[in-house]
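Colleague: Below is one structure. I have some questions about it.
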Amino acid sequence: MESLLHYVWKHRLYLPDELITADNLRVEVMAAGLSNADSGPDFLNAKLRIGDTIWVGNVEIHDRASDWFRHHHDADRAYDSVILHVVATCDAVVYRPDGKAVPQAVMRVPEQLRSNIDWLLNHDSAIPCLPRLRDIPAVALTSWKSTLLCERLERKISGVLDTLGKHGNDWNVTFYILLSRAFGFGLNNDAFESLARRLPWIYILKHRSNLFQLEALLFGQAGMLGAEEEGANGYFYQLRNEYAFLKQKLGLTPLDASSFRMMRIRPANSPHRKLAQLAAIWYEHDLLFSRIMKESSLTDLAEIFRIEPSVYWQSHYHFRDGSSRALGATMGESGLNTIVINAVVPLLFAYGRSNRQEEYCERALQFLETLPAENNRIVETFRSAGLCANNAGDSQALIQLRNEYCQTRRCLRCRIGFSLLKAGSGRRASGQGSQSGG
């Protein structure tokens, strides 16, 4: 309840005429104050007219007035400047540490607003607001997508810089881990990143002149050369023998092959094929990070990753002879775009941010604006409801919206949720039927 009161106060969703102190003085909110995430009063520097007097100070919010004493605010000098105590239930008279009584006002949450909030937070649909997205002005959606993209990039940048710090500020190692993760293509991101962390970059660099050894290292460390594979061919055993030698020589410990998801994946995107493509890229390029930083053209950037794997993997997607089929020799357009979005763009942003070179951040943004929107279930779900992604930046924003707001039910912190609540505060959401529920 208290968090709901915070939300209503911050966004002024209460009924102004009903905001009256316990001693029957009308409260006019001239400035609600700044939300305080640290210790101390909930809202700082508020400006209120209480009766005929204008007050400037802080506001504290509780479910019950007696919570003031339960939280020991009566003995905390940080609450000396509280000018109003906002509560849902006024069950006590409260005092500041200086002994003076604090004005209190009961704030009622409008019933229809409460119904709308309950509908958003407790609806069975994963994204309950979908049927009403067309009610939101286009300019508001565009602005919110820009903010969401910034949030997603900030999260990715933080991850890149964390990896950089853990590996001696070596950008080559950092990009090696970043690129490996991107090759998981969603389902196997964590497994591919674990593989990169389990197989140090220095060993890739040391053996990069020998494609067969690179494949042996990657497949072996992925745990794919350990157990006997039914129907395995001679190529499998050659790789396994080579890995056994390298494992002993380098003191390696492989992952468990069960870390990789194999089911419901198209043959061209099988983990085996992706590992073979990754090996071919490192065979072709040594200091790939430097090459990436020089490229300003998406076409030239794509050519870096458009490398044919070894001959075997151009017609296979695992180690069984019977599985041969026609497969593309190089990565498709969609796969190349995914690598740019999830590996190159975060790298450019993180490098530009850490070195205060904005041209790299601008280049990354240009890539996102130029690349087509990703084609996945999240993007299609929003598109069907009228919220379209015009480019990769938009699709990244929608992924952020789904993962960080819809999935975690942070509707009260979402601009779409706020717009619907504010616009529909006079309508009973629970009675809108198919127009409001998904």
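Colleague: Tell me whether the range 140-154 contains one or more residues that are modelled with pLDDT of 95 or more and of a type in the set (Lys, Arg).
Modeller: yes
Colleague: Name the pairs: first residue in the range 59-70 and without any contact (Cβ under 8 Å) to a residue 60 or more places away in the chain and outside any strand (DSSP E or B), second residue of a type in the set (Asp, Glu) and surrounded by 22 or more Cβ atoms within 10 Å (Cβ to Cβ), Cβ to Cβ under 9 Å, at least 6 apart or on different chains?
Modeller: TRP68/GLU60
Residue-wise test of (1) more than 16 Å from the chain's Cα centre (by Cα); (2) assigned by TED's automatic domain parsing to the domain that holds GLY335; (3) basic (Lys, Arg).
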position	(1), (2), (3)
SER146	no, no, no
GLY159	no, no, no
LEU187	no, yes, no
LEU205	yes, yes, no
PHE212	yes, yes, no
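Colleague: Taking the range 98-114, which residues are over 22 Å from SER35 (Cβ atoms) and either surrounded by 15 or more Cβ atoms within 10 Å (Cβ to Cβ) or in contact with a His (Cβ under 8 Å, 6 or more places away or on another chain) (or both)?
Modeller: Within the range 98-114, just GLN112 meets the criteria.
Colleague: Within the range 266-278, is even one residue small (Gly, Ala, Ser), in a loop (DSSP other than H, G, I, E, B) and more than 27 Å from ASN169 (Cα to Cα)?
Modeller: Yes, the range 266-278 has at least one match.
Colleague: Suppose we keep only residues that are touching a Ser or Thr at 6+ places or on another chain (Cβ under 7 Å) and crowded, with 19+ Cβ neighbours inside 10 Å within the range 194-214. Which one would you say is nearest to LEU288 (Cα to Cα)?
Modeller: ALA196
Colleague: Which of (1) in contact (Cβ under 8 Å) with a residue 60 or more places away in the chain; (2) assigned to a loop (DSSP other than H, G, I, E, B); (3) more than 30 Å from LEU368 (Cα to Cα) is the odd one out, the single condition ALA227 does not satisfy?
Modeller: Of the numbered conditions (1) in contact (Cβ under 8 Å) with a residue 60 or more places away in the chain; (2) assigned to a loop (DSSP other than H, G, I, E, B); (3) more than 30 Å from LEU368 (Cα to Cα), the odd one out for ALA227 is (1).
Colleague: Pairs, please: C-beta under 9 Å, at least 6 apart or cross-chain, first residue within 14 Å of MET1 (Cβ to Cβ) and touching a residue at least 12 places away in the same chain (Cβ under 8 Å) and in the range 103-117, second β-branched (Val, Ile, Thr) and surrounded by fewer than 17 Cβ atoms within 10 Å (Cβ to Cβ)?
Modeller: Close Cβ pairs (under 9 Å, with a partner that is β-branched (Val, Ile, Thr) and surrounded by fewer than 17 Cβ atoms within 10 Å (Cβ to Cβ)) amount to VAL106/ILE20; VAL106/THR89.
Colleague: On to the next question. Does the range 239-257 hold any residues that are crowded, with 16+ Cβ neighbours inside 10 Å and over 17 Å from ARG197 (Cβ atoms), and which are they?
Modeller: Residues satisfying the conditions are LEU239, ARG240, GLU242, TYR243, LEU246.
Colleague: Right, here's the next one. Run down PHE305, PHE289, PHE319 and say which single residue is touching a strand residue (DSSP E or B) at 6+ places or on another chain (Cβ under 6 Å) and aromatic (Phe, Trp, Tyr).
Modeller: From the options PHE305, PHE289, PHE319, the qualifying one is PHE319.
Colleague: Which members of the range 1-58 meet the condition of being among the β-branched types (Val, Ile, Thr), without any contact (Cβ under 8 Å) to a residue 24 or more places away in the chain and surrounded by fewer than 14 Cβ atoms within 10 Å (Cβ to Cβ)?
Modeller: Of everything in the range 1-58, just one residue is among the β-branched types (Val, Ile, Thr), without any contact (Cβ under 8 Å) to a residue 24 or more places away in the chain and surrounded by fewer than 14 Cβ atoms within 10 Å (Cβ to Cβ), namely THR53.
Colleague: Of the residues that sit in the range 115-163 and are within 30 Å of GLU358 (Cα to Cα) and of a type in the set (Ser, Thr, Tyr), which one is surrounded by the most Cβ atoms within 10 Å (Cβ to Cβ)? Even if it seems obvious, please write down each step before you answer.
Modeller: From the range 115-163, those within 30 Å of GLU358 (Cα to Cα) are 138-163; that's our starting set.
If we keep only those that are of a type in the set (Ser, Thr, Tyr) as well, we get 142-143, 146-147, 158, 163.
Values: THR142: 12, SER143: 12, SER146: 13, THR147: 13, SER158: 13, THR163: 21.
Filtering the range 115-163 for residues that are within 30 Å of GLU358 (Cα to Cα) and of a type in the set (Ser, Thr, Tyr), the one surrounded by the most Cβ atoms within 10 Å (Cβ to Cβ) comes out as THR163.
Colleague: Let me ask you something else. Mind checking which residues of the range 79-133 are of a type in the set (D, E, K, R) and more than 21 Å from HIS11 (Cβ to Cβ)?
Modeller: Within the range 79-133, ASP80, ASP91, ARG96, ASP98, LYS100, ASP124 meet the criteria.
Colleague: When both residues are 6+ apart or on different chains and their Cβ atoms are under 7 Å apart, which pairs have a first residue that lies in the range 160-184 and is basic (Lys, Arg), and a second that is buried (at least 18 other Cβ atoms within 10 Å of the Cβ) and not in a helix (DSSP H, G or I)?
Modeller: Taking only residues 6 or more apart or on different chains, not a single pair turns up.
Yes/no matrix, rows are residues, columns are (1) of a type outside the set (Ser, Thr, Tyr); (2) closer than 21 Å to ARG108 by Cα; (3) modelled with pLDDT of 95 or more; (4) within 34 Å of the chain's Cα centre (by Cα):
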{"site": "TYR7", "(1), (2), (3), (4)": "no, yes, no, yes"}
{"site": "ASP17", "(1), (2), (3), (4)": "yes, yes, no, no"}
{"site": "ASN36", "(1), (2), (3), (4)": "yes, no, no, yes"}
{"site": "SER66", "(1), (2), (3), (4)": "no, yes, yes, no"}
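Colleague: Then there is this: ASP124 is checked against (1) in a loop (DSSP other than H, G, I, E, B); (2) within 22 Å of the chain's Cα centre (by Cα); (3) not assigned by TED's automatic domain parsing to the domain that holds SER334 and fails just one. What number does that condition carry?
Modeller: (2)
Colleague: To continue, here is another question. In the range 367-413, what count of residues is obtained for those that are within 27 Å of LEU348 (Cα to Cα) and in contact with an Asp or Glu (Cβ under 8 Å, 6 or more places away or on another chain)?
Modeller: Number satisfying all stated conditions: 11.
The values are calculated or read from the model by the stated rules, or taken from the named source; none is laboratory data. Predicted, not measured: the structure shown is a model, and the values here were computed from it. All Cβ positions, glycine included, derive from the backbone under ideal geometry; neighbour counts span all protein chains shown.
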